[in-house]
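The values are calculated or read from the model by the stated rules, or taken from the named source; none is laboratory data. Just so we're clear, the structure is a prediction, and the values are computed from it rather than from any experiment. In this analysis, Cβ positions are derived from the backbone assuming ideal geometry, glycine residues included, and neighbour counts consider all displayed protein chains. Note: areas computed on protein heavy atoms with side chains; ligands, DNA, RNA excluded. Shrake-Rupley method; radii C 1.70, N 1.55, O 1.52, S 1.80 Å.
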Amino acid sequence: MNVVAALVAVIGMVIVVWFGVGVLKLYTLFGVLVPYAALLTFLIGLIYRMVNWAKSPVPFKITTTCGQQKSLPWIKHSRLESPANNFEVVLRMALEVLAFRSLFRNLRADLRGRKLYYGSSKWLWLGAILFHWSFFIILVRHLRLFTYPVPGPIKVLDAVDSFFHIGLPHLYMTDVAILAGLTFLILRRLVDAKVNYISHASDYFPLFLILGLVSSGMLMRYFLRVDLVSVKEFVMGLATFHPKAPKGIGVIFFVHLFFISALVAYFPFSKLVHMVGVFFSPTRNLPNDNRRVRHINPWWEGVPPKFLTYCEWQEKFKEQLEQAGQPIDEDCYKEKKS
Amino acid sequence: MYNSDKVIPGIIIFVLFVTLPIWWNHGKSVAAPEPELPKKGRCVESKEYMRSHHMQLLNVWRNEAIRQGMRIYTSSDGARFWISLQNGCMKCHNNKSKFCDRCHQFAAVEPYCWNCHIPPETKKFKAPKASGLLKLFGVPPVLHGSSQAESYGHAEH
């Protein structure tokens with residue numbers, strides 16, 4: 001049911017664009033207003049999320065560790081598994097963000113007959129890394145449509161990505177990789193009963209949305225073709241705030257544009273926000289130096305809490321304590337007298 | 001806000017990255033290129049089709065002409081054309097820099113047609129530069145492939 005809802009939503013978007021652009025000719029709405037609104041939602045939404053997270057206090061230092069913390073000089077310290085300072089935190093975070101290091105340790109438990117087996121399971125890591133890196137490279141590669149003159153590194157990236165010169169326009173390696181990654185990520189949710197059970201429509205929707213985005217882009221590049229010069233002229237107009245109503249560009253381009261607009265606008269409200277959220281995870285962005293540096297709960301910063309000594313507390317609740325038959329600490333009164 | 005010394009630079013980097021297309025061009029829109037079209041004659045297919053599909057057509061032509069020896073192209077309206085880049089396309093579109101290059105530069109596309117073909121405005125054949133690596137190892141820049149093969153042939157007789 002969740003799958004169907006997500007799929008219907010994505011197919012519905014194609015129909016909306018086909019009707020809006022192909023039939024009603026609403027070029028300005030789908031070509032200019034929707035992308036601008038989506039970009040604004042993305043920027044404001046994500047900044048709001050970041051500021052909101054930064055405002056949330058972290059009462060305890062809750063670094064997740066899986067290695068020896070920095071201790072006595074003759075005990076070997078695991079710098080990445082239990083970072084002791086900010087530099088090591090940055091190292092660990094970089095590996096986490098760029099290489100998905102914790103996912104690389106993914107384990108899988110399976111019952112075979114009456115025996116429980118644990119085994120390394122790298123498939124999710126592989127699918128995830130294929131998907132994320134391809135997506136990032138594709139995103140950066142798109143800058144050739146947004147800039148003039150096109151920066152050298154982007155041309156180099158483009159040349160490397162289309163290195164094999166398959167077909168014309170050349171097939172990009174990342175296009176194949178992202179399709180492979182997405183297919184795995186979708187099939188994992190559909191085929192694996194355990195993952196299927198915990199999958200919501202909000203898990204399928206981004207996958208289908210990105211699949212639609214990728215397939216519309218690939219269709220446009222390899223099969224249906226649109227006039228690239230008109231596309232770049234239009235896109236440059238958008239980027240430089242001189243938007244012109246695009247003309248003579250096929251509906252497939254507007255489907256692609258609508259998908260990316262929807263994805264970008266959906267970002268701050270969904271699980272996709274993990275893109276910035278990963279940097280705000282207290283389990284990852286704090287050094288494990290609990291024993292050297294006192295972590296002061298930010299709630300208490302500048303506002304020293306009112307502590308009660310035991311005697312003060314006993315005095316406050318003396319009646320209740322006596323009624324309940326609790327022993328009264330007589331030392332409190334002795335000290336007062338003396 | 002806590003850790004604003006790290007969060008604020010992070011937000012600034014994020015915004016700069018997302019808005020890169022906006023500030024990279026300094027808000028200047030670039031006019032679309034206007035390739036010089038031939039004054040008379042017709043192209044093999046419609047203008048719109050050629051604008052979006054010419055590279056695919058040329059790729060098919062390359063495969064048909066070079067690999068299968070098919071030199072006749074029948075266009076969608078039934079007209080027949082001789083398949084050739086230099087003796088076909090470039091007879092009308094006879095200026096690479098004013099026709100091909102204008103759009104290709106704009107779209108940052110570097111077609112590899114000219115690895116084998118010679119654009120008509122190129123009068124002389126320029127030998128490619130010998131790479132520094134060859135010089136470093138003392139390899140002579142001029143290769144004598146065919147002449148050496150002939151001399152071997154003579155030696156046998």
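Okay, here's what the table says:
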item	result
Qualifying residues in segment A:316-338 (those that are assigned to a helix (DSSP H, G or I), open to solvent by 90 Å² or more (accessible area, probe 1.4 Å) and at pLDDT 90 or above) - the one nearest to residue A:57 (Cα to Cα)	A:316
Enumeration of residues in segment A:272-296 that are open to solvent by less than 20 Å² (accessible area, probe 1.4 Å) and closer than 19 Å to residue B:1 by Cα	A:276, A:277
Some residue of segment B:53-67 being surrounded by 12 or more Cβ atoms within 10 Å (Cβ to Cβ), among the hydrophobic types (A, V, I, L, M, F, W, C) and facing chain A (nearest Cβ under 8 Å)	yes
Residue match in segment A:99-114 (condition: touching a residue at least 12 places away in the same chain (Cβ under 8 Å), exposed (fewer than 14 other Cβ atoms within 10 Å of the Cβ) and under 25 Å from residue B:17 (Cα atoms))	yes
Residues of segment A:167-191 classified as assigned to a loop (DSSP other than H, G, I, E, B) and loosely packed, with under 15 Cβ neighbours inside 10 Å, total	1
Test: residue in segment A:26-47 that is open to solvent by 70 Å² or more (accessible area, probe 1.4 Å) and within 14 Å of chain B (Cβ to nearest Cβ)	yes
Residues of segment B:69-116 satisfying the condition of being under 15 Å from residue B:33 (Cβ atoms), within 14 Å of chain A (Cβ to nearest Cβ), open to solvent by 50 Å² or more (accessible area, probe 1.4 Å) and not charged (D, E, K, R)	B:99, B:105, B:109
Residue count, segment A:196-226 (criterion: surrounded by fewer than 18 Cβ atoms within 10 Å (Cβ to Cβ), within 19 Å of the chain's Cα centre (by Cα) and in a helix (DSSP H, G or I))	2
Residue count, segment A:48-76 (criterion: of a type in the set (A, V, I, L, M, F, W, C) and more than 14 Å from chain B (Cβ to nearest Cβ))	5
Residues being free of Cβ contacts under 8 Å to residues at least 12 places away in the same chain and part of a loop (DSSP other than H, G, I, E, B) - total across segment B:101-117	6
Unmet criterion (only one of (1) within 7 Å of another protein chain (Cβ to nearest Cβ); (2) open to solvent by 60 Å² or more (accessible area, probe 1.4 Å); (3) more than 16 Å from the chain's Cα centre (by Cα)) for residue B:31	(1)
The listed residue being over 30 Å from residue A:84 (Cβ atoms) and within 13 Å of chain B (Cβ to nearest Cβ), out of A:264, A:276, A:255	A:264
Residues of segment A:298-311 classified as surrounded by 12 or more Cβ atoms within 10 Å (Cβ to Cβ) and out of contact with any Cys (no Cβ under 9 Å at 6 or more places or on another chain), total	1
